[in-house]
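To start, the structure under review is shown below, and the notes come after it.
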Amino acid sequence: RRIQCSKLFMTTNNVEEHLQTRIFEYYAFADNEMRNIDENVIIGDLSSPLKSEILSHFCLVPLRECAYFDAYSDGAIFSLIKSLKPYVAVPGEHLSEIGKECNSLYMFQKGSLCTKDATGAITNVAEGAIIGHLATSASSKREGLPTHQLQIELITANLSRSKGNPYVIVENGRSRCRSLIKNSRNWMEKIDMKVKVENGKNHKTKIIVKEWRKRQNHATIGRGEVVASESVSSDVVVCSITDERGKAVGSIELRARLTALSETKQLSSHELTCTALSFSHLYRLDISDDQGLTDYISRSTSLNIVDRIPTEICEDIKELERENKMPGGTPNDGVDWDNPVSLKSIPSTQNSVDGEGKRRSVFFLEWADTPN
């Protein structure tokens with residue numbers, strides 16, 4: 001019924017066909033992949049501790065590994081996690097663009113994203129990456145801008161535990177990119193990424209092999225390492241893949257090349273343009289939430305407790321004081337603050353009774369002009 005009503009609405013209002021197609025594709029994604037479940041409603045129905053736990057399950061590790069949050073305590077990270085909101089990016093959507101302001105950070109969960117740097121180099125984004133200019137700026141300040149071009153050419157794969165949908169993640173420090181999903185032994189794919197090489201002409205790179213599983217978390221098959229060099233001719237090497245117990249689970253034939261970046265290919269900016277290639281699931285953190293937490297933490301170091309109050313609350317208090325004061329500066333609340341307690345003469349008879357014969361309660365007050 002939803003699709004029928006949407007068709008009638010868009011036809012009646014002359015909505016362009018390409019926009020209608022995108023809307024119906026989104027409905028198909030929501031029905032087939034998301035199973036028509038609204039994650040915002042589910043998380044919103046949870047108590048605050050349960051909401052924090054489930055969001056931490058997805059986002060704690062990526063946030064903790066991001067260079068931008070290196071100076072944040074675990075408590076600050078958990079405070080930010082409470083501000084995360086589920087987000088679905090549509091194909092063709094730009095999550096960040098070079099030269100444009102980026103007001104959010106995104107934690108990539110599932111889907112297909114790619115990034116393009118200022119020189120036009122394109123790489124596929126690995127799940128778990130954090131997208132946004134603040135993240136790339138912090139990473140470039142800590143690790144520096146890339147100095148070399150790393151190319152991993154995947155040739156064939158022999159994986160005993162794979163069920164037919166493996167893919168590879170190339171990891172260099174905290175920078176990662178991924179290959180396409182393959183369903184055959186012959187891989188024949190090149191992965192290019194820019195890396196910073198500290199000393200010498202060799203660079204060690206980690207290889208992570210995962211398996212795509214529909215509607216489930218992708219399984220990690222194993223890990224390996226390969227050393228790339230600047231030699232003119234790079235021979236084919238066999239990268240052994242082992243599981244978390246150190247047991248061999250297969251191997252990948254590949255060729256690794258390392259090339260120093262020319263002046264035209266060197267990056268002058270850390271910014272990246274990130275584009276969704278398919279419907280992709282992320283968690284979004286608004287920069288305003290991060291700035292509010294940073295401001296609160298900076299105020300918490302003040303010895304004066306009044307200075308710790310958030311700015312907006314201080315303004316509310318001042319406004320309330322202005323409303324409750326008369327022109328002379330006396331609070332307009334109907335209380336005589338010079339004599340706040342009005343004393344009345346009370347009979348000293350303890351056993352006094354009222355007209356109905358009930359004993360009247362008697363309160364005794366002793367007023368002291370000077371402290372004892």
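The figures follow:
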| item | result |
| --- | --- |
| Of all residues making up the range 185-199, the number that are open to solvent by 60 Å² or more (accessible area, probe 1.4 Å) and not in a strand (DSSP E or B) | 4 |
| Single unsatisfied condition, SER234 versus (1) under 34 Å from the mean Cα position of the chain (by Cα); (2) at pLDDT below 90; (3) open to solvent by less than 30 Å² (accessible area, probe 1.4 Å); (4) over 30 Å from ILE98 (Cβ atoms) | (1) |
| Selection status of VAL227, hydrophobic (A, V, I, L, M, F, W, C), in a strand (DSSP E or B), more than 20 Å from CYS177 (Cβ to Cβ) and in contact with a Lys or Arg (Cβ under 7 Å, 6 or more places away or on another chain) | no |
| Extreme residue, nearest to CYS114 (Cα to Cα), among residues of the range 274-298 that are of a type outside the set (Ser, Thr, Tyr) and assigned to a helix (DSSP H, G or I) | ILE287 |
| Unmet requirement for THR275, which otherwise passes all of (1) touching a helix residue (DSSP H, G or I) at 6+ places or on another chain (Cβ under 9 Å); (2) modelled with pLDDT of 90 or more | (1) |
| Helices (runs of 4 or more DSSP H) wholly inside the range 1-57 that include at least 1 residues being farther than 26 Å from ILE81 by Cβ | 2-12, 17-32 |
| Neighbours by Cβ (under 6 Å, 6+ apart or cross-chain): first from the range 173-190, within 20 Å of GLY111 (Cα to Cα); second part of a loop (DSSP other than H, G, I, E, B) and among the charged types (D, E, K, R) | none |
| Failed item in (1) modelled with pLDDT under 90; (2) out of contact with any Ser or Thr (no Cβ under 8 Å at 6 or more places or on another chain); (3) of a type in the set (S, T, N, Q), with SER83 passing the rest | (1) |
| Enumeration of residues in the range 140-181 that are in a strand (DSSP E or B), of a type in the set (S, T, N, Q) and more than 18 Å from VAL238 (Cβ to Cβ) | GLN149, ASN172, SER175 |
| Hits in the range 30-74 - residues which are among the basic types (Lys, Arg) and over 20 Å from PHE108 (Cβ atoms) | ARG35, LYS51 |
| Filtered residues of the range 152-171 (kept if of a type in the set (S, T, N, Q) and surrounded by 17 or more Cβ atoms within 10 Å (Cβ to Cβ)) | SER162 |
| Residues located in the range 73-93, provided they are over 30 Å from ARG22 (Cβ atoms) and open to solvent by 40 Å² or more (accessible area, probe 1.4 Å) | SER73, ASP74, GLY75, PHE78, SER79, LYS82 |
| Residue within the range 112-127 that is open to solvent by 20 Å² or more (accessible area, probe 1.4 Å), among the small types (Gly, Ala, Ser) and under 29 Å from THR21 (Cα atoms) present | yes |
| Scan of the range 98-132 for residues that are under 23 Å from LEU150 (Cα atoms) and hydrophobic (A, V, I, L, M, F, W, C), ordered by number | ILE98, LEU113, CYS114, ALA118, ALA121, ILE122, VAL125, ALA126, ALA129, ILE130, ILE131 |
| Qualifying residue in the range 206-220 (condition: under 28 Å from HIS148 (Cβ atoms), open to solvent by less than 30 Å² (accessible area, probe 1.4 Å) and of a type in the set (Gly, Ala, Ser)) | no |
| Qualifying residue in the range 240-252 (condition: modelled with pLDDT under 90, outside any loop (DSSP other than H, G, I, E, B), open to solvent by less than 80 Å² (accessible area, probe 1.4 Å) and not aliphatic (A, V, I, L, M)) | no |
| Residue that is modelled with the lowest pLDDT [pool: residues in the range 94-111 that are in a loop (DSSP other than H, G, I, E, B) and open to solvent by less than 40 Å² (accessible area, probe 1.4 Å)] | GLY111 |
| Enumeration of residues in the range 1-36 that are of a type in the set (A, V, I, L, M, F, W, C) and open to solvent by less than 90 Å² (accessible area, probe 1.4 Å) | ILE3, CYS5, MET10, VAL15, LEU19, ILE23, PHE24, ALA28, PHE29, ALA30, MET34 |
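Rundown of residues vs (1) of a type in the set (Lys, Arg); (2) under 12 Å from LEU150 (Cβ atoms); (3) touching a residue at least 60 places away in the same chain (Cβ under 8 Å), yes/no style:
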{"position": "GLU171", "(1), (2), (3)": "no, yes, no"}
{"position": "ASN202", "(1), (2), (3)": "no, yes, no"}
{"position": "GLU225", "(1), (2), (3)": "no, no, no"}
{"position": "LYS247", "(1), (2), (3)": "yes, no, no"}
{"position": "ILE252", "(1), (2), (3)": "no, no, yes"}
{"position": "ARG255", "(1), (2), (3)": "yes, yes, yes"}
{"position": "GLN266", "(1), (2), (3)": "no, no, yes"}
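The values are calculated or read from the model by the stated rules, or taken from the named source; none is laboratory data. In this text the structure is predicted, and so the values were computed from the model without any measurement. Cβ sites come from the backbone with ideal geometry, for glycine too, and all protein chains shown count toward neighbours. These accessible areas exclude ligands, DNA and RNA; they are computed on the full protein's heavy atoms, side chains included. Shrake-Rupley method; radii C 1.70, N 1.55, O 1.52, S 1.80 Å.
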